[in-house]
1. Considering only region 185-205, how many residues are outside any loop (DSSP other than H, G, I, E, B) and farther than 19 Å from residue 482 by Cβ?
2. List pairs: first in region 136-158 and in the same structural domain as residue 81 (by TED's automatic domain parsing), second outside any strand (DSSP E or B) and open to solvent by 50 Å² or more (accessible area, probe 1.4 Å), Cβ under 6 Å, 6+ apart or cross-chain?
3. Do you know which of the residues in region 438-487 that are out of contact with any Lys or Arg (no Cβ under 9 Å at 6 or more places or on another chain) and part of a strand (DSSP E or B) is most open to solvent (accessible area, probe 1.4 Å)?
4. Can you list the strands (runs of 3 or more DSSP E) found entirely within region 256-324 that contain at least 1 residues being surrounded by fewer than 21 Cβ atoms within 10 Å (Cβ to Cβ) and not hydrophobic (A, V, I, L, M, F, W, C)?
5. Right, residue 399: open to solvent by 80 Å² or more (accessible area, probe 1.4 Å), more than 17 Å from residue 324 (Cβ to Cβ), of a type in the set (A, V, I, L, M) and at pLDDT 95 or above or not?
6. May I ask you to say which residue of 111, 58 is open to solvent by 50 Å² or more (accessible area, probe 1.4 Å) and farther than 18 Å from residue 180 by Cα?
7. Restricting to region 488-517, name every residue that is more than 30 Å from residue 162 (Cβ to Cβ), surrounded by 11 or more Cβ atoms within 10 Å (Cβ to Cβ) and at pLDDT 95 or above.
8. Working only within region 222-239, note down all residues that are of a type in the set (Val, Ile, Thr) and either away from the ligand (no atom under 12 Å from the Cβ) or outside the structural domain of residue 165 (by TED's automatic domain parsing) (or both).
Amino acid sequence: MKEVLTDFGVENALNVLGINEVNDGTSTGSNSFSNGEIIESYSPVDGQLIGKVKTTSKEDYEKVMQAATTAFKTWRTIPAPQRGEIVRQFGEKLREKKEALGILVSYEMGKSLQEGLGEVQEMIDICDFAVGLSRQLHGLTMHSERPGHRMYEQYHPLGVVGIISAFNFPVAVWAWNTALAWICGDVCVWKPSEKTPICGVACQNIAAEVFKANNLPEGISCLINGDYKVGEMMTKDTRVPLVSATGSTRMGKIVAQEVAARLGKSLLELGGNNAIIVTPDADIKMTVIGAVFGAVGTCGQRCTSTRRLIIHESVYDKVKEAVADAYKQLRIGNPLDENNHVGPLIDKDAVGMYQKALTQVVEEGGNIVVEGGVLIGEGYESGCYVKPAIAEAKPDYKIVQHETFAPVLYLLKYSGDVENAIEIQNNVAQGLSSAIMTNNLREAERFLSVQGSDCGIANVNIGTSGAEIGGAFGGEKETGGGRESGSDAWKIYMRRQTNTINYTTELPLAQGIKFDL
Ligand code: NAD
């Protein structure tokens with residue numbers, strides 16, 4: 001395999017991360033064990049076997065839960081700033097292993113090495129954020145209506161936080177959850193995607209080193225592996241008060257119902273159908289950069305990928321031409337080679353869905369602007385490399401309403417006011433990320449107003465793709481409503497308690513009620 005960006009090498013990366021030919025996919029920290037079936041992880045980059053992971057059996061899961069619930073009793077008593085110190089050390093370990101982990105992310109998932117390294121950087125950033133936050137888990141104080149009383153609220157940890165993650169962010173989503181959950185005093189059990197299990201083992205190895213070096217008990221960071229059946233063990237388990245699930249809307253609807261049936265909490269980060277509105281006042285150069293990166297970055301496999309460009313009729317042809325021109329310059333190939341812009345899709349099923357979407361848009365009346373297709377020949381042996389495609393479509397086409405997790409961009413035309421574009425944008429089931437490209441202040445403000453975008457993320461003169469960890473991340477409607485990462489997202493990992501203390505010798509009742517005995 002040709003690796004231009006780094007001399008480090010995949011083999012070396014696997015060694016640094018403690019990956020073997022066959023790995024235990026169940027771990028409570030230093031202790032690893034597994035009695036389930038074996039998953040083989042093949043790289044979409046070159047089709048080679050990266051390694052095998054033994055999945056988690058029902059009995060293994062019970063051992064994990066035993067360790068996790070016991071560890072929680074210790075971990076919750078350690079002051080939050082000291083828990084922050086552990087997360088700081090974890091962030092340092094990630095800095096040390098950044099290159100190795102970035103390479104593994106790129107090799108197992110298929111995103112470019114720069115994006116793989118970027119994903120590890122996000123993990124480091126959220127650790128830094130969490131360290132500061134560990135001294136700021138503030139509650140409010142309020143004035144009691146009764147004399148000689150004090151009233152305040154405080155936050156306590158929940159217990160075991162279950163994390164179910166998707167293949168496309170195989171390491172960062174786990175860190176977004178764990179870094180915050182740990183400083184909050186929770187312990188975590190993680191089930192990574194069955195498509196990227198080696199990344200899960202690598203992350204768990206890094207965390208285990210830190211917990212071991214600090215003589216902390218087994219179970220603060222736990223790993224389980226397998227498909228949805230292993231995920232279900234957590235969603236049905238009353239010992240898991242919060243399940244944070246990232247993935248498809250289809251999965252989220254099942255998980256939400258399972259967890260709600262036992263009145264647990266779920267944090268859902270699901271599919272998107274993100275659009276950029278391009279108004280007559282848009283900067284075309286910026287629009288092209290935002291749209292192209294948004295549509296083809298991670299080969300269209302980001303939850304925030306740009307799927308729809310909603311372009312005003314007055315600039316439609318110009319924008320269409322400029323974006324199509326930019327597509328001609330895209331180099332598709334090995335994502336570990338920095339000369340390439342676009343890597344492979346995750347697997348052949350994803351390739352099938354991409355092909356189906358292109359057939360369907362034509363069947364529904366769409367017009368192909370940039371031809372797609374599966375690449376074959378030298379360097380494309382894995383069968384997962386496809387050409388990013390563009391199609392002209394109508395907003396109400398079924399395929400446009402649907403999230404196809406591949407590099408297919410739909411061009412939609414609007415006329416009249418920006419309100420018409422906003423209506424098209426909002427008229428889908430998903431509500432994750434949205435953007436407007438405009439130099440017109442009024443249009444920008446209307447897009448951000450109460451009648452504007454209905455998404456969790458609404459950007460002006462930035463594309464839909466990617467987000468900074470400082471803001472709360474997540475989306476509305478079928479995206480699930482969860483918020484992770486920055487701002488006050490930490491509150492979901494804690495339970496709130498309101499405390500009233502009476503320091504008098506009387507017992508006055510609230511609302512002036514008399515109860516004379
Ligand atoms: P997926 O839904 O197929 O799988 C995600 C995870 O859910 C996997 O770990 C899987 O094993 C597990 N799972 C599936 N069914 C389950 C069930 N019934 N019970 C418990 N666990 C179950 O998703 P994917 O193909 O890995 O990822 C792509 C999807 O994820 C896209 O829709 C994308 O938009 C979405 N995504 C969303 C965000 C976000 O933050 N909103 C981030 C990344 C990915």
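1. The qualifying residues number 10.
2. 148/503; 148/504; 153/140; 157/76
3. Ranking the qualifying residues of region 438-487, first place goes to 477.
4. Per the criteria, 265-269.
5. Working: open to solvent by 80 Å² or more (accessible area, probe 1.4 Å): no; more than 17 Å from residue 324 (Cβ to Cβ): yes; of a type in the set (A, V, I, L, M): yes; at pLDDT 95 or above: yes.
No.
6. Working: 111 fails: open to solvent by 50 Å² or more (accessible area, probe 1.4 Å).
Of the residues listed, the single one that is open to solvent by 50 Å² or more (accessible area, probe 1.4 Å) and farther than 18 Å from residue 180 by Cα is 58.
7. Those that are more than 30 Å from residue 162 (Cβ to Cβ), surrounded by 11 or more Cβ atoms within 10 Å (Cβ to Cβ) and at pLDDT 95 or above: 500, 502.
8. Answer for region 222-239, where residues must be of a type in the set (Val, Ile, Thr) and either away from the ligand (no atom under 12 Å from the Cβ) or outside the structural domain of residue 165 (by TED's automatic domain parsing) (or both): just 238.
The values are calculated or read from the model by the stated rules, or taken from the named source; none is laboratory data. Please read all numbers here as calculations on a predicted model, not as lab measurements. For neighbour counting, all protein chains shown are included, and Cβ atoms are generated from backbone atoms with ideal geometry for every residue, glycine included. Protein only, heavy atoms only, side chains kept; ligands, DNA and RNA dropped before computing areas. Shrake-Rupley method; radii C 1.70, N 1.55, O 1.52, S 1.80 Å.
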